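The structure appears right after this line, and notes come after that.
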Amino acid sequence: MSKPETKEETVEEPAEEIDETEQPATEEVSAEEETAEPEEEAEESVETPPAAEEVEAEEGEGEEEIEVVEEKVYTIPLRHVWVVTPRGRRAPRAVRDVRNFVSRHMKAEEVSISNEINEAIWARSINKPPRKITVRAVKDKEGKVVVYPTKAS
């Protein structure tokens, strides 16, 4: 309440210099109205962030929001990566091969790989990616494909 009192004091002093009879009463009412409106706005802004947090929580799920058009499970052989590629370049080559394999089989130009798949390939460092990996490819209505690890049953 200290804030409205300071506003009233600043409003009353210039009003007293001009006219002491009528203006202070009307300005006090307008000052109260001005203070009432920001409080309502503050209440509305307090209600808004929880709604924003709910939206962010829904976006965090990500996978469930995608409208699935097609979903397939593939076991991708990566043994040729060991033979063709030098030891220090195997994991990046395996990631590229996963992307190319899914792009070719799902007939999509835009393929993104989830962090779980990336971590699985890089788990034993750059030198020793897995010989094969089983993935779940999900295609949405826009033609974008996202590669996830298979669900554990």
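Which numbered condition trips up Asp140, out of (1) in contact with a Leu (Cβ under 9 Å, 6 or more places away or on another chain); (2) surrounded by 13 or more Cβ atoms within 10 Å (Cβ to Cβ); (3) charged (D, E, K, R)?
(1)
Which condition number does Ile66 fail, the rest of (1) modelled with pLDDT of 95 or more; (2) among the aliphatic types (A, V, I, L, M); (3) crowded, with 16+ Cβ neighbours inside 10 Å being met?
Status for Ile66: all satisfied but (1).
Among Ser114, Ser103, which is the only one that is buried (at least 17 other Cβ atoms within 10 Å of the Cβ) and small (Gly, Ala, Ser)?
Values: Ser103 fails: buried (at least 17 other Cβ atoms within 10 Å of the Cβ).
Criteria check complete, one pass: Ser114.
Taking segment 108-138 only, how many residues are at pLDDT 95 or above, more than 20 Å from the chain's Cα centre (by Cα) and charged (D, E, K, R)?
6
Can you confirm whether Pro149 is closer than 17 Å to Val73 by Cα and modelled with pLDDT of 95 or more?
On the way: closer than 17 Å to Val73 by Cα: yes; modelled with pLDDT of 95 or more: yes.
Against the criterion (closer than 17 Å to Val73 by Cα and modelled with pLDDT of 95 or more), Pro149 qualifies.
Output yes when any residue across segment 117-137 is at positive phi, free of Cβ contacts under 8 Å to residues at least 24 places away in the same chain and surrounded by fewer than 16 Cβ atoms within 10 Å (Cβ to Cβ), and no when none is. Steps first, please.
The initial filter retains those residues of segment 117-137 that are at positive phi, namely 125.
This time we only want the ones that are free of Cβ contacts under 8 Å to residues at least 24 places away in the same chain, so: none.
Looking for residues that are at positive phi, free of Cβ contacts under 8 Å to residues at least 24 places away in the same chain and surrounded by fewer than 16 Cβ atoms within 10 Å (Cβ to Cβ), one finds none in segment 117-137, hence no.
Among the residues of segment 119-137, write down those that are of a type in the set (Gly, Ala, Ser) and touching a Leu at 6+ places or on another chain (Cβ under 9 Å). Give the derivation first.
Residues of segment 119-137 of a type in the set (Gly, Ala, Ser): 120, 123, 125, 137.
Of everything in segment 119-137, nothing turns out to be of a type in the set (Gly, Ala, Ser) and touching a Leu at 6+ places or on another chain (Cβ under 9 Å).
The values are calculated or read from the model by the stated rules, or taken from the named source; none is laboratory data. Fair warning: this is a prediction, and the values are worked out from it, not measured in the lab. Backbone-built Cβ (ideal geometry, glycine too); neighbour counts: all protein chains shown.
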